[in-house]
Number of protein chains: 2
Amino acid sequence: MPVPTIDRRALLGSASLALVGTGSAIQPAQAAPEPKGEARAEPKAVPPEVTRILARYIVGARYADLPEAVRREGTRTVLNWVGVAIGGSHHETLDVAVSALKPFSGPPQAGLFGRPERFDIMNAAFLNGVASHIFDYDDTHLKTVIHPAGPVASAILAYAEMHPVSGADFLNALVLGVETECRIGNAVYPNHYDVGWHITGTAGVFGAAAATGKLMGLSEQQMVWALGLAASQPVGLRESFGSMNKSFNPGRAASNGLFAAILASKNYTSSDGMIEAKRGWANTISTKQDYREITEGLGTRYEAALNTYKPFACGIVMHPAIDAAVQLRNENHLVPDAIERVDMKVHPLVLELTGKTAPRTGLEGKFSITHAVAVALVEGAGGERQFSDRAVNDPVIVALRARVKPVVDPAIRPEQVELTVVLKDGRSLPRRIEHAIGSVERPMSDAALETKFTDLAEGILPDDQVRRVMGLCWRIAELADAGEVARAGVQA
Amino acid sequence: MPVPTIDRRALLGSASLALVGTGSAIQPAQAAPEPKGEARAEPKAVPPEVTRILARYIVGARYADLPEAVRREGTRTVLNWVGVAIGGSHHETLDVAVSALKPFSGPPQAGLFGRPERFDIMNAAFLNGVASHIFDYDDTHLKTVIHPAGPVASAILAYAEMHPVSGADFLNALVLGVETECRIGNAVYPNHYDVGWHITGTAGVFGAAAATGKLMGLSEQQMVWALGLAASQPVGLRESFGSMNKSFNPGRAASNGLFAAILASKNYTSSDGMIEAKRGWANTISTKQDYREITEGLGTRYEAALNTYKPFACGIVMHPAIDAAVQLRNENHLVPDAIERVDMKVHPLVLELTGKTAPRTGLEGKFSITHAVAVALVEGAGGERQFSDRAVNDPVIVALRARVKPVVDPAIRPEQVELTVVLKDGRSLPRRIEHAIGSVERPMSDAALETKFTDLAEGILPDDQVRRVMGLCWRIAELADAGEVARAGVQA
């Protein structure tokens, strides 16, 4: 599969690049200055009909209008998501969830990637959403750290198994769902994330509702209600990171969004301005609201074109450091015994999110920057095997990680790192990363995505089935029935 | 059924009466002063293991230890909840939800009050939870404006239909669920509610998880996880008030809490401190955290003993005014034409929540203090019939409501009102209410609860069935199988 060269930044307008300050966008020029010392300022003016503008766009947008580059990135999003969902399908997390929910499932309407069980579409959406995030290896919208596919693709593929839709309609719905969640995320990021919300679950539920509502053919008013019912069901807190609860969040966002759209499709009502009203979502859940991020440039700039895929099976904040470690190891043929210590300058978020110094399980290892660097230096990779129980308890890696010394440097941006391997022979090997592999600036190639997919599916599905599923993903836009992807990806 | 005289205030300890200021309770004396002007202060110290202390209490608490007054109030809570769930069972809101969810339901594990359909227990919990709040006529914990029964009773009764439990165990679980949600609500009220959350849905999900987890026999660690998964699924924004989305919230809190407990029962993990951790629920969702409200006096003071029931089918903030209007009408044999105008001094929340001046539907009438007072003066009641489409469009009531003049008075507490009917003959009839009928201080009698129940069930279930269901509710603690209440309350 050839890799088209796309300037994805060219698809952006100014609003998406300008992450403006706290909620001043929609306020009139004559607004009074912010009162000092208040826990939360009241909005100064009634914002435009944000929810309705968004709903109108979703209802009207057509596949034919999608730029080619957006279609391509949507296709890559599908492929990557199917791969990680298959990869997570036999993790203990999913075994537990499947056994817990089986007695309550409705008719066998939709399948699970990599498994034989079938569930009703809401439970299937939940379970595929959980599976796709278990390894923290799914796609990332870097501006918000939203993982877009989990909530959206899990919901629409389950729906598409029950109500067949064309691949073009499926891809259009996927893009619209990703637009919805990422634009809403932009409007409240970073304040909303900083305070403790897992933004993939809180914004993701809008994406799932928008995308499934699109496939259901909701009217504009029904879409307003679907978004309102989605606003009523945010999912996830950052405190849950490091437990099964983290992958719960995109899964529950998928099923909550689907639940919202199903109810709205029968005219279960909500209020009209649930995103922007005084006691609505954005004011309740965030101290920042930049509604222009939601309403401006609809149909001309695409957040969905900015989706990225992880070469490393962990949170995006650790990728620059792993990238630097792998580069230095491979270029210098490093062996652990030769390393005196590793000095690193990192963005504050790195230690806040991944500051565990003594991980005991593979899952905890994903929240340990010292483990990630140590294992990358020893094994030259950052895949799922490097975040296994085996890896975090390997004596060589354990010994090395104690010699990894991250320090916070306010001058370092989240996408950067300065890492120096100091050798016992006295040499220093510095490496500065501006953008890690897998970023918008240095995207994974189609071939690298295929390698990641086959690595994840190995041992779960036979090789020929894996190739068939990948082929269907690449051709998603041409399929008469998008549900074919789901059926092709289950375990016999 | 005789009405026992209970001093419910005597069940309270000091912590529940002292609604202390913003989150200072767990901070060490030597903590630095609050930084000025920050949107949200960081917690100064690690609080005690709030989630674990609560989980340990829930897991260990026995029916035998419940004071008699708490059992009695729990029984009244069940009776009132069953009545309002039957009453709402044929509203358009429930018709829509039932038809939307039917195609996705699992096995017919549990029934719906007042209806013939059966659903899996998660959908049944949702639907009974929605039904019980449709008329805004359910029980209220006045300190937090939480409606406790909807999330909790809907979840455990559905569960009890699938896994039979004794009435005593059911009542114990109900009380523990109500304790959990109301104590967590106390910890964050009023800030959490003020900013826009519908606290019944955000705190209620904990109650549903605690109560169903208790019936499932979760271990302490599993209960910690159930509370953590509940924390990840808050439901509801105040902006949705006046639409079907409002009754969605307690219903979804019920099914979300049940979902959390089911997963936790199979060892689906969460973090250990999801309520109190830095990036946990209370810090993320509120600017106030008073953890003593959760951890102090467990097993000695009972929020469940403070539950109240509405004599009027609308939000509690309007009750003092309706009470005053009904009293003045009945004492003075008022007729609409004799009334020049009605002057009222109300707490600010009254106009904030129920300030609609031109309601077009019965549902909107519940958010119109001017309608509520007008219809109470005309018809001498505030039941569901007074909040119908018919009532809000009655020309006599419409004309009178334009002459009802509420003004905000900061000296008036939420439970008070000063209402004066000015007659065309020049007379003024003032009435000050300190505590409305239905409050903790002036509770509805058992007989009044029965009248409310029979009014709600009229036309839905036959009279003899209504009497049988009420009898089962009064005897809930003696039943060998609590599910009998559910089976007795469905439509043949």
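For B:Lys452, list the aspartates and glutamates whose Cα falls under 17 Å from its own Cα; do not include residues on the same chain fewer than 8 positions away.
Answer for B:Lys452, where 17 Å is the Cα cut-off: B:Glu73, B:Asp136, B:Asp138, B:Asp139, B:Asp323, B:Glu379, B:Glu384, B:Asp463, B:Asp464, listed by chain and number.
Can you put B:Lys424, B:Lys366 in order, fewest other beta carbons within 10 Å first?
By the 10 Å Cβ count, ascending, the order reads B:Lys424, B:Lys366.
Mean Kyte-Doolittle of at least -1.0 plus a Cα span of 27 Å or more along the axis: flag which DSSP H helices in chain A meet both, please.
A:68-88, A:167-188, A:245-265
Report, for A:His163, each distance to the same residue's label point in the other copies, shortest first and in nm; define the point 7 Å along Cα→Cβ.
The projected label point of A:His163 is separated from its counterparts by 3.4 nm.
Determine the calculated [θ] at 222 nm for chain A from helices alone, applying -39500 (n - 2.57) to every DSSP H run no shorter than 4 residues and normalising by the residue count; nearest 500 deg cm²/dmol.
The per-residue figure over chain A is -14500 deg cm²/dmol.
Using the Cα centre of the range A:8-308 as the reference point, and only Cβ charges (+1 on K/R, -1 on D/E), how large is the resulting charge dipole? Debye, rounded to the nearest 20.
It works out to roughly 220 debye.
B:Thr451 versus B:Arg360, label points 7 Å from Cα toward the beta carbon: distance in nm?
3.6 nm
Taking 41 Å as R0, compute the FRET efficiency from the Cβ-Cβ separation of A:Asn267 and A:Val396 and round it to 0.05.
Efficiency, rounded to the nearest 0.05: 0.10.
Considering only DSSP beta bridges whose two residues both sit in chain A, what percent are antiparallel, to the nearest 5?
Close to 80 percent.
Taking the Cβ-Cβ separation of A:Asp425 and A:Ala492 as r and a Förster radius of 51 Å, what is the calculated FRET efficiency to the nearest 0.05?
Given R0 = 51 Å and the Cβ-Cβ separation, E is 0.40.
Using just the alpha carbons, could you tell me how many Å³ per residue the convex hull of the range A:268-342 encloses?
So the per-residue Cα hull volume is 204 Å³.
Every other copy gets compared here: list the nm distances from the A:Gly459 label point (7 Å along Cα to Cβ) to its counterparts, shortest first, one decimal.
6.4
I'd like to know which of B:His347, B:Ala381, B:Leu328 lies farthest towards the positive end of the charge dipole of the range B:316-433, counting +1 on Cβ of Lys and Arg and -1 on Cβ of Asp and Glu.
So the residue we want is B:His347.
With contacts defined as alpha carbon pairs under 8 Å and 6 or more residues apart, what's the relative contact order of chain B in percent?
Computed over chain B, the figure is 21 percent.
Taking 7 Å along the Cα-to-C-beta vector as the label spot, tell me the A:Leu351-B:Arg413 distance in nanometres, rounded to one decimal.
5.0 nm
For label points placed 7 Å from Cα toward Cβ, what is the shortest-first list of nm distances from B:Glu352 to its copies?
For B:Glu352, the other copies' label points sit at 2.9 nm, shortest first.
Under the 0.36 nm per residue contour assumption, what length would be gained going from the current alpha-carbon distance of B:Arg341 and B:Asp95 to full extension?
Difference between extended and current length: 84.6 nm.
If all Cα-Cα distances of the protein assembly as shown are sorted into 20 Å bins from 0 onward, what percent lands in each bin, rounded to whole numbers?
In order of increasing distance, the bins hold 14, 45, 32, 8, 1, 0 percent.
Rule-based calculations on the coordinates, nothing more; no lab input. Bear in mind the structure is a predicted one, so any value in this text is a computation, not a measurement. When we count neighbours, we look across all protein chains shown, and the Cβ atoms used for this are built from the backbone with ideal geometry, even at glycine.
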